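Working notes, structure below.
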Amino acid sequence: MTEPRWLNAREARLWQAWRDTQRELNRVLEARLIANSGLSGADYALLHPLSSSADGVLRTRDLGRSVGWERSRLSHQVSRMEKRGLVSREECADDARGSMVRLTELGRKAVEAAAPDHVEAARAYFFDHLSPAEVGELTAVLERVLGGIPSSPCDDPSGDCAE
């Protein structure tokens, strides 16, 4: 077994700052979203791509991929939202095995009402702390890092996944 490539002090500081920032941003954005709109972060995560699609409908598989969720988590969240009237499920016309998730009028109104404050919170807690140049630099860095992440840990040659 090879020796682990431990983080040096500078890398460890960055890694901890990244993890802390993610955690705290998620915490404050979720709390503010719930307080101001009654939507959870999970609700908003699904309503946003649905509201951005041309007809407010996405194939369930594509919706799950857009938020990076496993099928089980997505199914449970869609069921909760369906009970509240935010979305509905439909059969997929081109594939009997597939299904579609449709944004309802209530769901559209909910995401449209929540979006302005959610964007303002993103500005206040994140973008207002960055210069325009830093936004560009950070975007480039994060896109490069994201591009190097395998879709599955087992796709990485250095990963240790059992068959």
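Which one of the conditions (1) in a helix (DSSP H, G or I); (2) touching a residue at least 60 places away in the same chain (Cβ under 8 Å); (3) not charged (D, E, K, R) does L74 fail to meet, given that it meets all the rest?
Checking L74 against (1) in a helix (DSSP H, G or I); (2) touching a residue at least 60 places away in the same chain (Cβ under 8 Å); (3) not charged (D, E, K, R), the one that fails is (2).
Taking region 1-60 as the search range and keeping residues that are in a helix (DSSP H, G or I), among the hydroxyl-bearing types (S, T, Y) and farther than 16 Å from Y125 by Cα, which one is nearest to the chain's Cα centre (by Cα)?
Selected residue: Y44.
Counting only residues that are assigned to a helix (DSSP H, G or I) and touching a Leu at 6+ places or on another chain (Cβ under 8 Å), which one in region 118-138 is surrounded by the most Cβ atoms within 10 Å (Cβ to Cβ)?
Only one residue tops the list, namely H118.
Just the residues that are hydroxyl-bearing (S, T, Y) and exposed (fewer than 14 other Cβ atoms within 10 Å of the Cβ), please, taken from region 71-94.
Answer for region 71-94, where residues must be hydroxyl-bearing (S, T, Y) and exposed (fewer than 14 other Cβ atoms within 10 Å of the Cβ): S72, S79.
Can you find even one residue in region 95-106 that is of a type in the set (G, A, S) and exposed (fewer than 12 other Cβ atoms within 10 Å of the Cβ)?
yes
Taking the condition of being touching a Ser or Thr at 6+ places or on another chain (Cβ under 9 Å) and surrounded by 17 or more Cβ atoms within 10 Å (Cβ to Cβ), how many residues in region 32-44 meet it?
So the count comes out to 3.
Taking the condition under 24 Å from S151 (Cα atoms), without any contact (Cβ under 8 Å) to a residue 60 or more places away in the chain and among the β-branched types (V, I, T), does V87 pass?
no
Since every read-out is calculated from the coordinates, none of them should be taken as a lab result. All of these numbers come straight from a predicted model, not from anything done at the bench. For neighbour counting, all protein chains shown are included, and Cβ atoms are generated from backbone atoms with ideal geometry for every residue, glycine included.
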